Amino acid sequence: RTVNQVMTGDIPAPPPPPALGPNQLSNPSLELDQDANNQADCWQRSGYGTNTSTWTRTSDAHAGLFAERVQVTAYSSGDRKLISTLDAGQANGGCAPTIEAGASYQLGAWYKATTSVIPVLFYRDSGGVWQYWRDGSLLPASASWAQMTFSPGSPPAGAQAISFGIAIEAIGTLTTDDYSMRKVGGSS
């Protein structure tokens, strides 16, 4: 930019962000429960550590009819989270979205939480074993629906699928809905 462009505001518009591909998640809005187990299909309630929690399929949804809520009532360590199912992947009749080597993805979800929460990511390696990948940035508590978007960069070498969710690591309540996973730079 020239000094004149800066002073007059005659600065060319920045290029548009890369296009996002279609949502690659199965049952991203948590609506389907075909086995009637009161839990969204293609999603698993997960966690580790020493804590006590209660899960609910709730009608307090961001959009549609259902969302998933976890209430942690006692906490010493670990977390509780709803993550896309850790299975053999869509290419093998499962739920986990298959990824492309070297591609980047934008992950998203809507949440409400009484305490700070954090995005968590996993990947399935070339041997078919699910591994912890990384956490995202801490998200603030929110009494109304807030949107989380996270671009973790290229998955680790050999990764075949991704799973992610939002984790709660304290006493409180977390409700999530309307997840997305889109390839950055076009369709898949």
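The values are calculated or read from the model by the stated rules, or taken from the named source; none is laboratory data. Note that this is a predicted model, so its numbers are computed, not measured. Counting neighbours? That spans all protein chains shown, and the Cβs are built from the backbone with ideal geometry, glycine included. Areas reflect the complete protein model, heavy atoms only, side chains present, ligands, DNA and RNA absent. Shrake-Rupley method; radii C 1.70, N 1.55, O 1.52, S 1.80 Å.
Observations on the model:
- Kirkwood's formula applied to the C-alpha pairs of region 23-67 gives a hydrodynamic radius of 11.8 angstrom.
- Computed magnitude of the charge dipole of region 75-132 (debye, nearest 20; Cβ of K, R +1, Cβ of D, E -1): 240 debye
- Interatomic Cα distance distribution for region 55-123, bins of 10 angstrom, percent: 14, 39, 35, 11, 0
- Computed with every protein chain present, the accessible area of Thr114 is close to 100 Å² [probe 1.4 Å].
- Segment Thr58..Thr115, full-extension length gain: 18.6 nm, with 0.36 nm per residue of separation and the alpha-carbon distance subtracted.
- Estimated dipole of the chain in Debye, rounded to 20 [Cβ of Lys and Arg +1, of Asp and Glu -1, Cα centre]: 320 debye
- Heavy atoms of Tyr179 accessible to a 1.4 Å probe, total area in Å² rounded to 10: 10 Å²
- Global size of the chain: 18.5, 65 Å for Rg and Dmax (C-alpha atoms, Rg to one decimal, Dmax whole).
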